[in-house]
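First comes the structure, then the notes that go with it.
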Amino acid sequence: MRFLLAIAVLAGHSSNNSAFQFMTGQTAVQTFYIISGFYMSLILNEKYVNQPNAYSLFLTNRLLRLFPIYWVVLLGVASFSVAFSYISHSHSRLAFDVYSTVNFTPFTFCYLVITNLFLLGQDAVMFMGINPETGTFFFTSDFWQTKPELHHFLLIPQAWTLALELLFYFVAPLLVRRSTRIIILFIVLSLVIRIFLYNQLSLTKDPWTYRFFPSEIMFFLLGTLAYKSYRQIRHKLLPVYIQIAIFCIVILTTVFYGLLPSGKLTVMPFSYREIVYFSLIFVSLPYLFKISNQYSFDNQIGELSYPIYISHMFVILFVQKAMTPFFNQEWFVALVTIIFSYFLNRFVAAPIEKFRQRRVRQPVAA
């Protein structure tokens with residue numbers, strides 16, 4: 001499931017002519033939020049309990065999960081951009097080219113350096129533009145209309161979603177252990193904010209549709225509700241045919257998402273197919289997690305999702321600049337990204353994962 005969502009994002013960035021009608025990147029990202037909310041609720045309620053300094057332990061372990069792979073890819077983008085300039089005898093430095101178009105102030109330059117290194121603030125980039133003459137930031141309701149677009153200064157532009165993830169990590173220990181009633185209340189409040197922005201302030205376009213944390217937290221908390229449902233069914237036996245049916249329905253709906261009805265309610269910031277798909281994920285997630293626990297191979301494939309998501313733009317850049325046009329095809333980009341992600345997991349994530357797990361005190365057997 002996570003693997004397919006990452007591939008959907010890759011397909012959206014690598015080509016407009018996908019063989020399958022995958023979902024939009026926005027839908028894939030918001031589905032990731034639901035899954036993240038489920039998993040954070042699981043580990044905070046079952047793993048990070050009765051732990052010394054549980055809050056800081058949880059946060060630092062999440063940072064150890066995100067940053068090593070992120071920094072390796074960031075270093076790869078920076079190194080390739082500089083190397084390309086020297087090897088090709090070109091004035092272009094790829095990811096750094098846009099930096100030469102702006103007369104930065106010390107503040108704006110430092111902000112972009114820090115947010116590239118440490119993720120926090122990358123979501124805010126999507127709500128701002130930059131004046132190339134004065135080098136100052138300004139707020140905008142539609143960053144696509146600014147020149148140069150500020151997100152071009154992010155070396156891994158899709159990593160803005162990780163900034164939202166980090167915000168959720170900060171508040172998750174305070175929320176996901178609350179009662180179902182409280183969780184539903186926060187979901188409703190988040191939805192009200194989204195509807196208010198959409199209808200009353202006419203903020204109907206990106207970035208307000210899926211980059212504003214107060215209106216996105218509803219997806220994380222839907223994952224929390226799904227976890228609460230999982231606790232009710234985790235010990236129930238599921239017939240094999242039901243497992244297969246649930247798995248196939250979700251996979252087929254994900255792959256052929258583009259075939260679902262695309263109409264939209266005028267008062268709601270969601271299309272019909274988004275509502276159908278998010279509802280399907282919410283209802284099926286407890287069962288999908290229960291099924292995946294029975295098959296280690298499924299989990300191993302799912303673990304590729306993060307490195308695929310964070311590295312695919314680097315792979316696209318590499319293929320476009322270092323290879324012949326023949327290789328600049330979606331299938332080849334996907335193949336190289338999957339292989340690269342495997343090595344990122346094996347040689348970067350796996351050694352750190354052992355350290356992460358050692359930091360968590362194991363419960364003493366009765």
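Values quoted throughout were computed directly from the atomic coordinates according to the rules given, and no laboratory measurement underlies them. What you see is a predicted model; the values in this text were computed from it and never measured. Neighbour counts run over all protein chains shown; Cβ positions are idealised from the backbone, glycine included.
Worth pointing out:
- Rounded, prolate or oblate (a/c below 1.5 giving rounded, otherwise prolate when a/b exceeds b/c) for segment 213-255 by Cα gyration tensor: oblate
- Fully extended contour minus Cα-Cα distance, from LEU201 to ASN103, at 0.36 nm per residue: 32.0 nm
- Distance violations [Cα-Cα > 29 Å] among LYS147/LYS321; LYS205/LYS321; LYS47/LYS236: LYS205/LYS321
- Placing a pseudo-label 7 Å from each Cα along the Cα-to-Cβ vector at THR146 and LEU174 gives an inter-label distance of 2.8 nm.
- For PHE143, net neighbour charge (Lys/Arg +1, Asp/Glu -1) across residues whose Cβ lies under 10 Å away: -1
- Cα-centre dipole for the chain with unit charges at Cβ (Lys and Arg positive, Asp and Glu negative), debye to 20: 1320
- Between the Cα long axis of helix 305-322 and the first principal axis of the chain there is an angle of about 20°, rounded to the nearest 10.
- Length released on extending from LEU335 to PHE347, taking residue separation times 0.36 nm less the Cα-Cα span: 2.5 nm
- Contact order, relative form, for the chain: 28 percent (alpha carbon pairs under 8 Å, 6 or more residues apart, mean separation divided by residue count).
- Summed over qualifying helices (DSSP H, 4 residues or more, each -39500 (n - 2.57)) and divided by its residue number, the chain shows a 222 nm mean residue ellipticity of -21000 deg cm²/dmol.
- Were the residues from ARG234 through VAL192 laid out at 0.36 nm apart, the gain over their Cα-Cα distance would be 11.9 nm.
- The chain: angle of helix 330-344 to the longest principal axis, Cα-based, in degrees nearest 10: 70
- With Cα atoms defining each centre, segment 193-227 and segment 25-69 are spaced 20 Å apart in the structure.
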